[in-house]
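Visitor: Got a structure for you, questions after.
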Amino acid sequence: MKKIVLSALAALTIGTVAASAGDVKFYTDGNGQVFTTAGEGRTELKSKETPLFSKTSKLKFSGTHYLGYTYKDQKELSAADGGPIAQKATGNFEFRRNYLQVKAYLLEDPKSYLRVTLDTVYSSGKDGYADVYAKYAYLYLNDVLPFTGVELGMAHRPWIDYEEHQGWWMRSISKVFVEASESAHLTNSADLGFNFKTKTDYFTSELGIFNGEGYHGTNGANDEIGAGNSAEWRLTGAFLGNGKQKRKPTKDSYLDASFFGQYNIDNAANEDASGNAQTYAFYGLHAVYNMPNFLIAGQYVQADNENKGTSQYNGKGYSLNATGRFGAKKEFSVIGRYDVWTSEKQTTNVEQTTNSAIYGVAWQQNKNVKWLVSGQSFRAADNRNYKGSATQDWDSAMVTAEVHW
């Protein structure tokens, strides 16, 4: 049995080499040995190839997966505010992100490509089945303007991707401040439109126009996308002069300050009592300083909504996060983040404040796998969350495997 296994492994290895060795042939005898010349009692090894066809000269495949378990202990009130408090504890295995991605390089410029990213999400409303949808589907054209490329299609919105790759590297356990439902919850990361992306040593930016509702936004009462579009931006000063490079947080130092936001006209997810889409805008300031040993970042955000009868998209708040790294390769991390968001229903002048604290440790096992153990505590003033529903305070514990390939 051992000879058969060794023979199979040898044949697989040599067969791989043979794919690039032209006309070299390999032979095996009854004892499982492999030879490069024919002889008595030797049989030629044959291999079957499955071709991959494409109308482009190069395809690049990759994947990102966030797998984990979350235990959540939540306090609940009855429908009427001030009712009796009950405890509700749940524990669930999760895949929080499950990306499969392909880039097709279609043009002579090696930095231009078509990208399609499929995401698989769990849908509790379909008896546990998973839904697959396109998170990104865009054409990137490099250097359409000096130092500037453009994404066309279901593209990155200007802010979230930047923060996830410069200021908050722990997306597997929480979304960023402006996207997280327990914090500001103002926008999401992708939408149909275009995004001009500029990179120089000391300045980077993203400027785009989008539909505004986002890649998983719901339609309005009239089943429309919305009457207007969203103008969105990020302007960043890279004070250490490395804005053009792809940074590695455990090796590079950088100091950035950003002004970001969006002006979202007649958004279908933001309707008044008569079903008319309303406009909202938000503006933010962000700064981050990173060294191999640590990172510290902070931001302030304010949102204003023409729809005065809702507390959504109305408010202000801030977020602070820090990471300390240690180990021979800075493979171990201690994580902390604190969010505060105060929303206001302007017709009643009632403010509601929420606080969210995230804490944990991480281990970067290798370039492909990171392990995280974390907790989160959510507290709401007046026993409410930012939407004013009966959802109450909660605490959670998470174990996460973050996988990239």
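The values are calculated or read from the model by the stated rules, or taken from the named source; none is laboratory data. A quick note: this is a predicted structure, and the numbers were derived from the prediction, not measured. Ideal geometry is used to build each Cβ from the backbone, glycine not excepted, and the neighbour counts take in all protein chains shown.
Visitor: So residue 272 fits all but one of (1) surrounded by 15 or more Cβ atoms within 10 Å (Cβ to Cβ); (2) within 19 Å of residue 304 (Cβ to Cβ); (3) among the acidic types (Asp, Glu); what number is the exception?
Guide: (1)
Visitor: Out of 377, 356, which single residue is in the same structural domain as residue 313 (by TED's automatic domain parsing), assigned to a strand (DSSP E or B), crowded, with 17+ Cβ neighbours inside 10 Å and hydroxyl-bearing (Ser, Thr, Tyr)?
Guide: 356
Visitor: Quick check on residue 310: is it in the same structural domain as residue 69 (by TED's automatic domain parsing), surrounded by fewer than 15 Cβ atoms within 10 Å (Cβ to Cβ) and modelled with pLDDT under 90?
Guide: The answer is no for residue 310.
Visitor: Among the candidates 194, 177, single out the residue that is surrounded by fewer than 18 Cβ atoms within 10 Å (Cβ to Cβ) and either without any contact (Cβ under 8 Å) to a residue 12 or more places away in the chain or in the same structural domain as residue 311 (by TED's automatic domain parsing) (or both).
Guide: Answer to the check: 194.
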